[in-house]
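Notes follow once the structure below has been shown.
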């Protein structure tokens, strides 16, 4: 019985070592690292490379926040979370923020007590079909067999879409994306449906991606974004405005290439100056240094650069900007003013 | 009589030389006829089996034979295959293993420190040899006793004094038994053996380790548990679980057979509750539920939590296996031990357990193999074990779309571990059987 008691002792010891968490920012600064929850691996959004360095669209946001706080985009501990563990990890304080392509919904915001700090990717459910099927619109899919992940919102969305369009379908239930890929390629179903970004990433892995098309219809709203715990608004502000700074930077033409030059001396545009800290001191209002905005943009570039580098049209994922273009270019990415 | 014989033309006069048996009654042909084609049913079954084996091999062999070992991504692999073999050829792309084998073995452990887990594995193998093979000198067992602390220090690093203090706690507990037993009897000694180390760890160990470290700073770079991954994490969980669950399981089995009411009922309840719930539920409890019970901000190492849960789970199974061994012993053995005037612990240690454990060996090793493979379940709580890493590797755009090569590699690694455990158990059984005769 000695062993059990020893383990008990370890528990006691580790509780004794715990400190109460007052303000997240203070904790993060004391720790010297930001704990950021990401997926265990999703193409384009978060994945470790051969050296164990995390890369991806969501990862870039973690790095920007770390850079805004510490001036160092590598001051992040990435905590891989699964669909089941992600919310508990955030609630228990194991991570400071979660950037794990999580859909912003009412109950997650209210019931689970989280704050979404914005939308970094507007996603939606789409359809992929082989070109040889000769279909150009989801409304032509009458009687098709559809590979669908069971127990997800995509399943419900699919039923709604087909019912409202008065067409029928034959569901082929599958468990995981990997299984879906195999089933679809083996011809077990005519159509594969999931989030459009997932479809693009899946198609990119095919031997002949050009033989498959993603249909233009998007049948649901899946706004994905980073989130933090309820109750520490100062911390939420930091994450939110770092994200806004990246979007504003794209709008104002600040890139990772010219940010140093723009920040060296005040420019003619007062908003650029305020973001980069050459005019006023917005950083101090959040408890950050004056050059927080510059550091955040330097970490991985502005919103557009992050998008293009990780999931944009020149990557194997090959996603078009679409809804994620700036509001000035017909998209939905819009940042409140820095003032 | 003999005359008639000699005159009869059709009777042989000379002995024939010995002839070779007919072809169909010797060697391979006879074997094939008797074992493969002895009846219509067998002929059909044989042909079906040959067809099946041929189908599998003819599909798999080119895949393995054409495998590509040097490429930077799946696309490059496919390009190489198209260039050398043509687009329809089947070829494995084991380049993913070449590219990522370090990650599959060590996870995110800092690459400059890879020698530490490697050395740990070597030490582990060397260290348990005296336990596995009784022909080695018994004094080596002291090294085995120090092994857990050495491994802990090597894997996690940090100041050496932290490890020394943890070990010192155990030494204190042992000393307490030795000193207190003559003075206050067994109960006082047991209480002392438990309380003194705990008090030591909570109050004295931390400051003492710090001050010793400031005098003599020896240590390795500290590596967090979350940087552990791949086979390293499977092995750490598996080995720790195996090492801790065996003694705990034996204690539980004895508790369940005990006449003491509370001990008996507690052991039974523990075993039944732990065994009655799937391991995955316990893992979720460890990773999710405990967070709610512990004070906010507590950072109770996830790997440690998992090891505890796996140990408890496996201990419940081991306890039942050992109880089977205890029940299989004839009652005469227990009574014989009693009639010799041995105390409970003496009779268990000298008479009952050696025999009961021998009977239980196949069952115990079976549980261990199961435990080792069950470690892959940690993928569901976000620990990147080999299976979890396949997902992460696939998530990089270089290797998205690769499946079988990774699973073949992982399967092979697990097979090596589990098969050697099985072989050792067979060896042990044979040896003990022989000694018994």
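Could you please find all residues in segment B:259-306 being surrounded by 14 or more Cβ atoms within 10 Å (Cβ to Cβ) and not in a helix (DSSP H, G or I)?
B:294, B:297, B:298, B:299, B:300, B:301 - these are the residues of segment B:259-306 that are surrounded by 14 or more Cβ atoms within 10 Å (Cβ to Cβ) and not in a helix (DSSP H, G or I).
For segment A:93-113, enumerate the residues that are more than 9 Å from chain B (Cβ to nearest Cβ), surrounded by fewer than 24 Cβ atoms within 10 Å (Cβ to Cβ) and either within 16 Å of residue A:25 (Cα to Cα) or more than 14 Å from the chain's Cα centre (by Cα) (or both).
Residues satisfying the conditions are A:105, A:106, A:107, A:108, A:109, A:110, A:111, A:112, A:113.
Any idea how many residues of segment A:21-45 are more than 7 Å from chain B (Cβ to nearest Cβ) and assigned to a strand (DSSP E or B)?
6
Of the residues B:337, B:328, which is in the same structural domain as residue B:254 (by TED's automatic domain parsing), more than 20 Å from residue B:247 (Cβ to Cβ), surrounded by 17 or more Cβ atoms within 10 Å (Cβ to Cβ) and touching a helix residue (DSSP H, G or I) at 6+ places or on another chain (Cβ under 9 Å)?
B:337
Can you pull out every residue in segment A:75-92 that is part of a loop (DSSP other than H, G, I, E, B), more than 7 Å from chain B (Cβ to nearest Cβ) and under 14 Å from residue B:302 (Cα atoms)?
Within segment A:75-92, no residue meets the criteria.
Tell me, which residue of segment B:203-231 that is touching a strand residue (DSSP E or B) at 6+ places or on another chain (Cβ under 6 Å) and within 14 Å of chain A (Cβ to nearest Cβ) is surrounded by the fewest Cβ atoms within 10 Å (Cβ to Cβ)?
The residue in question is B:222.
To keep it simple, each residue is scored yes or no on (1) modelled with pLDDT of 80 or more; (2) in contact with a strand residue (DSSP E or B) (Cβ under 9 Å, 6 or more places away or on another chain); (3) buried (at least 19 other Cβ atoms within 10 Å of the Cβ); (4) farther than 17 Å from residue B:162 by Cα.
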{"residue": "B:178", "(1), (2), (3), (4)": "yes, no, no, yes"}
{"residue": "B:186", "(1), (2), (3), (4)": "no, no, no, yes"}
{"residue": "B:192", "(1), (2), (3), (4)": "yes, no, yes, yes"}
{"residue": "B:197", "(1), (2), (3), (4)": "yes, no, yes, no"}
{"residue": "B:201", "(1), (2), (3), (4)": "yes, no, yes, no"}
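Tell me which residues, restricted to segment A:49-66, are at pLDDT 90 or above, in contact with a helix residue (DSSP H, G or I) (Cβ under 7 Å, 6 or more places away or on another chain) and facing chain B (nearest Cβ under 9 Å).
Passing the criteria: only A:56.
Going through A:298, A:323, A:319 one at a time, which residue ends up being within 21 Å of residue A:259 (Cα to Cα) and either surrounded by fewer than 18 Cβ atoms within 10 Å (Cβ to Cβ) or not assigned by TED's automatic domain parsing to the domain that holds residue A:206 (or both)?
The unique qualifying residue is A:298.
Within segment A:232-254, can one find any residue that is assigned to a loop (DSSP other than H, G, I, E, B) and closer than 30 Å to residue B:75 by Cβ?
no
Being buried (at least 19 other Cβ atoms within 10 Å of the Cβ) and within 14 Å of another protein chain (Cβ to nearest Cβ) is the requirement here; does residue B:323 meet it?
No, not satisfied.
Which of the residues spanning segment A:203-231 are touching a strand residue (DSSP E or B) at 6+ places or on another chain (Cβ under 7 Å) and in a helix (DSSP H, G or I)?
Those that are touching a strand residue (DSSP E or B) at 6+ places or on another chain (Cβ under 7 Å) and in a helix (DSSP H, G or I): A:203, A:211.
Please go through segment A:71-93 and pick out each residue that is in contact with a strand residue (DSSP E or B) (Cβ under 7 Å, 6 or more places away or on another chain) and under 16 Å from residue A:231 (Cβ atoms).
Passing the criteria: A:90, A:91.
Please enumerate the residues belonging to segment A:128-167 that are assigned to a loop (DSSP other than H, G, I, E, B), touching a helix residue (DSSP H, G or I) at 6+ places or on another chain (Cβ under 9 Å) and surrounded by fewer than 11 Cβ atoms within 10 Å (Cβ to Cβ).
Listed by number, the list holds a single entry, A:134.
Among helices (runs of 4 or more DSSP H) lying entirely in segment B:334-437, which contain 2 or more residues that are within 30 Å of residue A:180 (Cβ to Cβ) and within 14 Å of another protein chain (Cβ to nearest Cβ)?
Passing ranges, in order: B:386-395, B:404-436.
Condition check ((1) more than 9 Å from chain A (Cβ to nearest Cβ); (2) closer than 19 Å to residue A:82 by Cβ; (3) in contact with a strand residue (DSSP E or B) (Cβ under 9 Å, 6 or more places away or on another chain)) across all residues:
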| site | (1), (2), (3) |
| --- | --- |
| B:236 | yes, no, yes |
| B:253 | yes, no, no |
| B:268 | yes, no, no |
| B:278 | yes, yes, no |
| B:283 | yes, yes, no |
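Looking only at residues in segment B:100-120 that are surrounded by fewer than 21 Cβ atoms within 10 Å (Cβ to Cβ) and within 11 Å of chain A (Cβ to nearest Cβ), which one is nearest to residue B:390 (Cα to Cα)?
That would be B:101.
Which residues, taken from segment A:168-182, are within 12 Å of chain B (Cβ to nearest Cβ) and surrounded by 12 or more Cβ atoms within 10 Å (Cβ to Cβ)?
Once the filter is applied, which keeps residues that are within 12 Å of chain B (Cβ to nearest Cβ) and surrounded by 12 or more Cβ atoms within 10 Å (Cβ to Cβ), segment A:168-182 yields A:177, A:178, A:179, A:181, A:182.
Could you tell me whether residue B:172 is touching a helix residue (DSSP H, G or I) at 6+ places or on another chain (Cβ under 9 Å), under 30 Å from residue B:211 (Cβ atoms) and assigned to a helix (DSSP H, G or I)?
yes
Of the residues A:316, A:337, A:266, only one is closer than 29 Å to residue B:399 by Cβ, more than 17 Å from the chain's Cα centre (by Cα) and not in a helix (DSSP H, G or I); which?
From the options A:316, A:337, A:266, the qualifying one is A:316.
The values are calculated or read from the model by the stated rules, or taken from the named source; none is laboratory data. Only a predicted model underlies this, so the values are computations on that prediction, with no experimental measurement involved. Don't worry about glycine lacking a Cβ; one is built from the backbone with ideal geometry, like all the others, and counts go over all protein chains shown.
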